[in-house]
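Heads up, the thing below is written out as structure tokens.
Every number here is computed from the coordinates shown, using simple stated rules; none is lab data. What you see is a predicted model, and the numbers here were worked out from it, not measured in a lab. In this analysis, Cβ positions are derived from the backbone assuming ideal geometry, glycine residues included, and neighbour counts consider all displayed protein chains.
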């Protein structure tokens with residue numbers, strides 16, 4: 001807690017300065033609402049229960065997209081690392097697919113999958129896929145050659161080498177990719193809702209924008225930020241436990 005005290009003090013100072021600027025500077029609440037108005041709006045959304053369905057929808061879309069992107073990204077990374085010829089053939093195409101803005105694909109996904117959760121989940125999965133794939137590929141291809149030679153001399157099969165040497169050694173890099181993916185999953189879910197969502201935090205931001213409710217927009221920003229930080233810290237805790245377990249093993 002003491003390590004985070006400077007950050008908390010800085011946050012308090014920034015909020016106090018923001019409040020003073022809005023109150024004393026005569027700034028229109030439509031342009032920049034004071035923190036007191038944002039917190040009042042946030043409390044109203046929580047107390048009335050309007051926030052919870054949107055939060056649950058975004059969390060579900062994020063979880064599904066992250067799960068699909070993680071499984072496909074991890075599997076693709078393993079496949080490309082274990083079959084170098086396939087990796088050389090497909091990696092440029094995988095990279096090229098990531099250069100297409102996912103926001104631009106949104107209208108196509110709506111045509112293909114309709115409105116609702118599915119387009120958002122697909123966008124989220126595509127965004128999460130690349131960090132897991134790239135980190136897995138990097139981690140598996142940078143194993144110490146001496147350790148691989150030792151496993152070969154001991155007669156280990158390719159599967160045994162993968163499960164007992166490569167994956168455990170690559171875990172720090174893979175978990176780092178998961179930390180990136182969990183943040184991008186939230187971004188993907190919210191951005192996906194901007195395009196075709198009817199419910200969710202992103203859809204709520206668009207609805208608040210349509211009525212020029214700046215306090216609600218900022219309140220939703222607070223919720224999204226808090227959710228992202230909570231999930232990031234959860235993945236960090238998971239990473240510590242997994243790495244500690246494998247280091248002991």
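Please give the calculated 222 nm ellipticity per residue for the chain, where each DSSP H segment of at least 4 residues contributes -39500 (n - 2.57) and the sum is spread over every residue; nearest 500 deg cm²/dmol?
Theoretical 222 nm ellipticity from helices: -28000 deg cm²/dmol.
Looking only at 25, 200, 69, which one moves most when the chain is put into a Gaussian network model with springs between Cα atoms under 10 Å?
Most flexible of the set in this elastic network: 25.
Looking at the P(r) of the range 4-148, how many percent of alpha-carbon pairs lie beyond 25 Å?
When all Cα pairs of the range 4-148 are counted, 58 percent exceed 25 Å.
At 4 °C and a viscosity of 1.567 mPa s, what translational diffusion coefficient does Stokes-Einstein give for the range 54-93, taking Rh as the Kirkwood radius over Cα pairs? Give it in µm²/s as a whole number.
Estimated diffusion coefficient is 112 µm²/s.
For residue 226 and residue 99, calculate 0.36 nm times their separation in residues minus their Cα-Cα distance, and state this gained length in nm to one decimal.
Full extension of this stretch gives 42.8 nm more.
GNM, the chain, Cα, under 10 Å: largest mean-square fluctuation among 11, 126, 227?
11
How high is the relative contact order of the chain? Use alpha-carbon pairs under 8 Å, at least six apart in sequence, and give a whole percent.
Answer for the chain is 27 percent.
What is the extension gain from residue 241 to residue 47, computed as 0.36 nm multiplied by their sequence separation minus the C-alpha to C-alpha distance, in nm to one decimal?
The span from residue 241 to residue 47 would gain 66.2 nm if fully extended.
Which distance in nm do the two modelled labels at residue 146 and residue 163 give, with both placed 7 Å along the Cα-to-Cβ direction?
In this crude spin-label approximation the distance works out to 2.8 nm.
Any idea how far apart residue 233 and residue 10 come out in nm if each label point goes 7 Å out from Cα toward Cβ?
1.7
Using 0.36 nm per residue of separation minus the Cα-Cα distance, give me the extension gain between residue 176 and residue 85 in nm, one decimal.
Length gained, residue 176 through residue 85: 30.2 nm.
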